[in-house]
Amino acid sequence: MKRNAALALIVCFALALGLAGWVQAGPPAVPVSASSDMIYQVLDPRGIQAVVPLHALAPRLTTLVGKTILVDVGEADPVIMPALWAALTADHPEVTWLEQVSASFGPTAVESQYLGPNKKPLIDAVIRGNAW
């Protein structure tokens, strides 16, 4: 009787291992070449990779020359943001830098201060720092 139980246990264990290997084998990862954009892949709870689409939040500036950029410190780290401000102003003197310190999280009235007539922005970009 013990021999049959041990044999049944071994068979069940082998089937479980085989099934686990079969379930986890998802589609092969897409190779990333130097000429293509980065492809980020994640595993869902079943262990299957799915392609994650990336969407820009705002159009990127083609050049910084002659631009006006607002650095809104927000609730950012008191060490990182001053260092970032110093590096940005030193490395890019061709940019008009504006610094604003606000104590709120998310979109605020800070950016709306820089709207001209007809709600046309007076700034070209915003760098906002938030940290908890």
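Of note:
- Any chance Ile69 is in contact with a strand residue (DSSP E or B) (Cβ under 6 Å, 6 or more places away or on another chain) and either at pLDDT below 75 or assigned to a strand (DSSP E or B) (or both): yes
- Residues of region 72-92 that are at pLDDT below 80 and not hydrophobic (A, V, I, L, M, F, W, C): Gly74, Glu75, Asp77, Pro78.
- Residue satisfying all of: in region 93-109; under 14 Å from Asn130 (Cα atoms) and among the β-branched types (Val, Ile, Thr); modelled with the highest pLDDT among these: Val101
- The requirement of being modelled with pLDDT under 75, in contact with a Gly (Cβ under 7 Å, 6 or more places away or on another chain) and not basic (Lys, Arg) is fulfilled nowhere in region 32-47; no residue meets it.
- Residue pairs meeting the criteria (Cβ under 8 Å; at least 6 apart or on separate chains; first within 16 Å of Pro59 (Cα to Cα), in region 113-127; second of a type in the set (S, T, N, Q) and in a strand (DSSP E or B)): Ile123/Thr68; Asp124/Thr68
- Reported count of residues in region 110-130, each being not in a loop (DSSP other than H, G, I, E, B) and not aliphatic (A, V, I, L, M), is 7.
- Residue count, region 41-66 (criterion: surrounded by 10 or more Cβ atoms within 10 Å (Cβ to Cβ) and part of a loop (DSSP other than H, G, I, E, B)): 4
- The residues of region 52-77 that are touching a helix residue (DSSP H, G or I) at 6+ places or on another chain (Cβ under 6 Å) and not β-branched (Val, Ile, Thr) amount to a single one, Asp72.
- Output for region 69-87, where each listed residue is free of Cβ contacts under 8 Å to residues at least 24 places away in the same chain and either among the aliphatic types (A, V, I, L, M) or surrounded by 14 or more Cβ atoms within 10 Å (Cβ to Cβ) (or both): Val79, Ala83, Trp85, Ala86, Ala87
The values are calculated or read from the model by the stated rules, or taken from the named source; none is laboratory data. Quick caveat: nothing in here was measured; it's all calculated off a predicted structure. All Cβ positions, even for glycine, are placed from backbone atoms using ideal geometry, and neighbour counts span all protein chains on display.
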